[in-house]
Structures are given as C-alpha cells and as structure tokens.
Amino acid sequence: MADIKVDRRIIKTKKVIRNALTELMADKGFDAITVRDLTEKADINRGTFYLHYQDKYDLLAQSEEEVLLKLKEIGLNMKNLNLNDIQFFYTQNQPAPFLIEFFEYLQENSDFMNVILGPKGDPSFQVKIKEVIRQNIIQNLFIKLKKEDMLVPVDMFIAYVTSAHLGVIQQWLNSGMKQTPYEISLILFNLTVQGPRASIGL
C-alpha cells in the first residue's frame, strides 16, 4: 500500500512539472525556460525537480518519450487489422478503432501536444512523431498491400500520407479540436483511403 501511495505521488509530481513546462513553453518557448522557472511554476523545490530530472532537457526528453511510447502502443493495434477490416470500416463509413484511440490520447494531452508541435515547441519532435506514424500505423497497413497494384512507389506514398497525418493533427489541435476524436478520425481515415480527389467530390 505504501508503494502505491509513493507511485501516485511521483506520478502527480511529474504531471505538475510537465504542466509547468507546457505553460512556460507556450508563454516564452523552451530555450528561455530555466529550472527556477519550472520549480516556481510547479510550486516545488529544486530538490524535488532534480529527484526526477537531470535538467530541463531531460524533462523535455522524458515528456516526449512518454507520448511516443503511448502512440507506438496504439499503433501496434494496426497489426491486428487486415485489408478486409479496412474495407469493412470504409463501407460502413466508420474510422478504424485505433485511430479513434489515437486522437483520444491526443485530446487528453492536447495542451502539451499543441505546444510541442507548435512554433514554440521542439522541431525535432515533429520528425519523431512522423516516424511513429510511418512505422507503427501506416507501414503496418501498406505492408499488406500488393505492391504491383500501386500506381506510385510505396515509399513516396507512405511519405505523403505520413506528412498528411501530421498536418491534420496540427490543424485539429491548432483549431481547438472542433471535431470529436471520432469525427477527426473519420476525416483522416477517408482522406487516407479515398484520397484527396474523392474527398472533395471530384
């Protein structure tokens, strides 16, 4: 029981520190932040901060890694789907379940995601999240396709769809998440499966 209480306290403390990081990044960008800024914003002492992180760079790296690991975990669900499943969702006008879970997680962590993917965030994180999308979501689908049936090179198509996914994510976050996770999942699913031409009615 004591260990559980300690674990919960650690989780709560790290969440408070990450929230402080998020607010400060939104206000003045990562480079201008000091550990003192973080401890004052989180209302903790420096010892507590250094108990969990080496410095602000370690805090940012751990925060990003937590997000990436969760998105990789969600992406693994794609391996359980086959092309018939994708076709079924398409005919039913429903997004794939893993996409809904993906956007639900982004919504739950929207403050951090919006900042980290924004102009005051970490440019390298965009590269990392695109790689997660490529390896753990898109590639798990397109590895099942017959390459000889494709009209464009597979690597080019995957690069195109990966960048499109990130663009939709950023637009959704920047616009205040007007669509629900289900609605934005359906939009992205249709864009991916139908392509831009069919999606705009041409």
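A simple charge model with +1 on the Cβ of Lys and Arg, -1 on the Cβ of Asp and Glu and nothing else charged puts the dipole of the chain at about 80 debye relative to its Cα centre. Pairs of Cα atoms nearer than 8 Å and 6+ residues apart set the relative contact order; for the chain it is 24 percent.
Starting from the Cα-Cα distance between GLN62 and PHE157, subtract it from 0.36 nm times their residue separation and give me the gain in nm to one decimal.
Once the chain is fully extended between GLN62 and PHE157, it gains 31.1 nm.
Residue-normalised convex hull volume from the C-alpha trace of segment 1-99: 158 Å³ per residue. In segment 43-66, whose amide N lies under 13 Å from the spot 7 Å out along Cα-to-Cβ of LYS128? List them in ranges. Backbone N within reach: 57-66. Note on Cα extents along the principal axes in Å: of the candidates (1) 52, 50, 29; (2) 52, 45, 35; (3) 60, 40, 29, the value calculated from this structure sits at (3). Calculated [222 nm] ellipticity per residue, helices only, for the chain: -22000 deg cm²/dmol; basis is -39500 (n - 2.57) per DSSP H run with n ≥ 4, divided by all residues, nearest 500. In this simple spin-label approximation, SER175 and ALA26 carry label points 7 Å from Cα along the Cα→Cβ vector, and these lie 2.0 nm apart.
Ordered from largest to smallest accessible area (heavy atoms of protein chains, 1.4 Å probe), the residues LYS15, LYS120 come out as LYS15, LYS120. Remark: the SER110-ILE187 segment gains 25.9 nm on full extension, using 0.36 nm per residue and subtracting the alpha carbon distance.
Sequentially through segment 98-103, phi angles give Karplus couplings (6.51, -1.76, 1.60; θ = phi - 60°) of 5, 5, 4, 4, 4, 6 Hz, Gly and Pro residues having no value and appearing as x. Apolar share of the accessible surface for the chain: 53 percent from carbon plus sulfur atoms, 1.4 Å probe.
The values are calculated or read from the model by the stated rules, or taken from the named source; none is laboratory data. Just so you know, these numbers come straight off a predicted model, no measurement behind them. Note: ideal-geometry Cβ built from the backbone for every residue, glycine included; neighbour counts use all protein chains shown. Ligands, DNA and RNA are stripped out before the accessible areas are found, and what is left, the full protein with its side chains, is counted by its heavy atoms. Shrake-Rupley method; radii C 1.70, N 1.55, O 1.52, S 1.80 Å.
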